[in-house]
1. I need the full set of residues from the range 192-208 which are free of Cβ contacts under 8 Å to residues at least 24 places away in the same chain, surrounded by 15 or more Cβ atoms within 10 Å (Cβ to Cβ) and over 15 Å from Phe71 (Cβ atoms), in order please.
2. Going through the range 236-265 one residue at a time, which ones are β-branched (Val, Ile, Thr) and farther than 15 Å from Ser157 by Cβ?
3. Among the numbered conditions (1) closer than 20 Å to Gly20 by Cα; (2) in a loop (DSSP other than H, G, I, E, B), tell me where Ile123 comes up short.
4. Which condition number does Gly165 fail, the rest of (1) modelled with pLDDT of 90 or more; (2) of a type in the set (Gly, Ala, Ser); (3) assigned to a loop (DSSP other than H, G, I, E, B) being met?
5. Looking for whichever is more than 17 Å from the chain's Cα centre (by Cα), within 22 Å of Phe251 (Cα to Cα) and touching a residue at least 40 places away in the same chain (Cβ under 8 Å) here; the options are Leu148, Leu218, Leu160, Leu171. Which one fits?
Amino acid sequence: MNNIFKILKEQWLHRRLIIGLSVYSLKSQYANHYLGLFWNILQPAMQVFLYYVVFGLGLRGDRGDVGDLPFIVHLISGLFPWLYISAGINAASGAIQSQIGLVTKMKFPSSTLISVSIVNSLINLFITTSILLVISIIYGFSSPIHYLSFLYFVVASVALISSVGLIMSTLVILIRDMKNVLQNVIRMFFFLTPIFWSLSEANALMHTISSFNPVAYLVMNYRTALVLQEAPLYGGMSDHIYFWSITLFLFYVGVNVHYRFRDRLVDYL
């Protein structure tokens, strides 16, 4: 437990550094691009178009709405949180490995680099979510009380991404194969998460798989917050308990793995 309080304290004490590095990272990322931050909108828009053609017009054969939602809205409300979660996990997992030189020179906790990557991912999420929010308001897909539950999604997703990031940021340095393993696991979760398919149309097997899939829980809470006129939060009490039990367990493991190897990571590079 001491390590958990210690890592949370590190993030709080270095919060200004985290924000500063996040802003610097965003500026440097698009420094030589004519479109700059507009790529944060253009890239997901291109992916939405591609998946709509493949899954909406191709595999589904343009079968119309998914429940009460047009398929394009269903797709966007699943793809935007997925892009944020998958990119966040990838970035957090490689944060220390890619910036280990910065840590050794400036002498600040390497755990803050994971937070920097998550803040960057959150900025992209807010940009893409603003598009879906406008669509939702115009067409009345949801209500203001549901929009507030978006904050719950942010907290829950940051908790899960941080937990996985703490574990994987160490393992990808200790075991080089873990980077490839992570990529394949993320690819598998894409198809096991109700992004382009709907839980209401899924068979019993997919329902069971989704109930054990923490990413599905997050995606459905995002969708519920912005476009579904249902309860403010997706799932029942058992779903919430399961998600937070898994997340807190991963966080506990991640914190202890991080502190066990943190001072020796340079030796493994």
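1. Met206 - this is the single residue of the range 192-208 that is free of Cβ contacts under 8 Å to residues at least 24 places away in the same chain, surrounded by 15 or more Cβ atoms within 10 Å (Cβ to Cβ) and over 15 Å from Phe71 (Cβ atoms).
2. Hits for the range 236-265 are Ile241, Val253, Val255, Val257.
3. (2)
4. With (1) modelled with pLDDT of 90 or more; (2) of a type in the set (Gly, Ala, Ser); (3) assigned to a loop (DSSP other than H, G, I, E, B) applied to Gly165, the lone miss is (3).
5. Only one candidate passes the filter, namely Leu171.
The values are calculated or read from the model by the stated rules, or taken from the named source; none is laboratory data. Quick caveat: nothing in here was measured; it's all calculated off a predicted structure. FYI the Cβ positions are ideal-geometry reconstructions off the backbone, even for glycines, and counts take in every protein chain you see.
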